[in-house]
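Chemist: Below are the structure tokens for one structure; questions will follow.
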Amino acid sequence: MYRRGERGWVEVICGPMFSGKSEELIRRVTRSKIARVPVQTFKPSIDVRYARAEVVSHSSLSVEASPVADSAALLKAVREVTVVVGIDEAQFFDQALVEAVDDLAKAGKQVIVAGLDLDYLSRPFEPVPTLASHAEYVTKMLAVCHRCGAPAGHTQRIVHSDELVVLGATDSYEARCRLCYDPTEPEQPKLLE
Ligand code: ADP
Ligand code: MG
Ligand code: ZN
């Protein structure tokens, strides 16, 4: 029988770069910590932009976080007593993160996942869109368009690369609204004959 307070759930915080996803994740897990609820926060070990064992926002807020290689390592690292599980940069995890997060919620954990919902070409950035479809609560964040100041849902790459993942925040990407976003930018470098 269902009894209130015994069940877990999933919260997804998604949106483009600079939209405050990490800030919001840090705010939510910090509130739980203040309430003395056992919290563990994770990030993919691929993301070493800032401090190693922390989630850090562009506004320099931070919370301690364990870097993990993949969703299997994350599942293994979650302790029995933990109630709130925070996960940042979910787009850098494998697709099995969806099942891992579902399992944690079934085991009674409150899972808060933050990540990009679109890549730099505005394609769905898995596993975040699937996570959002499995979540009880979804918060779509918007940044401020670097060009015009409108609410921005897209991440514009401003350096040339065909790689899906180019790390390094402010010098490589801008938040853009749908009018200012242009996937053909920056110009492809011309090959020398
Ligand atoms: P995300 O995790 O979504 O990339 P962060 O939480 O790390 O975002 O950073 C959000 C902070 O970034 C904002 O509070 C603000 O201080 C700063 N910021 C820099 N550029 C922008 C922008 N274009 N729009 C909104 N916030 C920005
Ligand atoms: Mg972030
Ligand atoms: Zn704009």
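Chemist: Around Val138, which amide H atoms from residues at least 5 apart in sequence, or from another chain, sit under 5 Å from its own amide H, with H modelled in the peptide plane?
Modeler: Residues meeting the amide H criterion: Val12.
Chemist: Show which lysines lie in cross-link reach of Lys106 when reach means a straight Cα distance below 20 angstrom and same-chain residues fewer than eight apart are skipped.
Modeler: Lys76
Chemist: Ratio to report: Rg/Rh of the chain, with Cα atoms as the point set and Rh obtained by the Kirkwood method; give two decimals. Each step should come with its number before you reach the end.
Modeler: Working: Rg = 17.4 Å, Rh = 17.3 Å.
For the chain, the value is 1.01.
Chemist: Moving to a separate point now. State in Å² the accessible area per residue of the chain; use a 1.4 Å probe, count heavy atoms of protein chains only, and round to the nearest integer. Walk me through the intermediate numbers first.
Modeler: Details: 10670 Å² over 193 residues.
Value returned for the chain: 55 Å² of accessible area per residue.
Chemist: Whole-Hz Karplus ³J(HN,Hα) for the stretch 132-144, in order, using 6.51 cos²θ - 1.76 cosθ + 1.60 and θ = phi - 60°, x for Gly and Pro?
Modeler: Per residue, the Karplus-derived 3J(HN,Hα) values read 4, 6, 8, 7, 6, 10, 10, 10, 8, 9, 10, 9, 9 Hz.
Chemist: Please give the contour-minus-distance gain from Ser172 to Lys76: 0.36 nm per residue of separation, less the Cα-Cα distance, rounded to one decimal in nm.
Modeler: On the way: separation 96, 0.36 × 96 = 34.56 nm, distance 3.38 nm.
Contour length minus Cα-Cα distance gives 31.2 nm.
Chemist: Next question, about the same structure. Starting from the amide H of Leu118, placed 1.01 Å from N in the peptide plane, find each other amide H under 5 Å away whose residue is 5 or more places distant or on another chain.
Modeler: The answer is Gly15, Phe125.
Chemist: With a 1.4 Å probe and every protein chain kept in, tell me what percent of the accessible surface of the stretch 9-142 is carbon plus sulfur. Mind dumping the intermediate values first?
Modeler: Details: 3290 of 6170 Å².
It is 53 percent, rounded to a whole number.
Chemist: Amide H neighbours of Gly86 under 5 Å, counting only residues 5+ apart in sequence or on other chains, H built in-plane at 1.01 Å?
Modeler: Gln40, Thr41, Phe42, Ile112
The values are calculated or read from the model by the stated rules, or taken from the named source; none is laboratory data. Treat the numbers as computed from the prediction; the structure is a model and nothing was measured. The accessibility values were calculated without ligands, DNA or RNA, using every heavy atom of the protein model including side chains. Shrake-Rupley method; radii C 1.70, N 1.55, O 1.52, S 1.80 Å.
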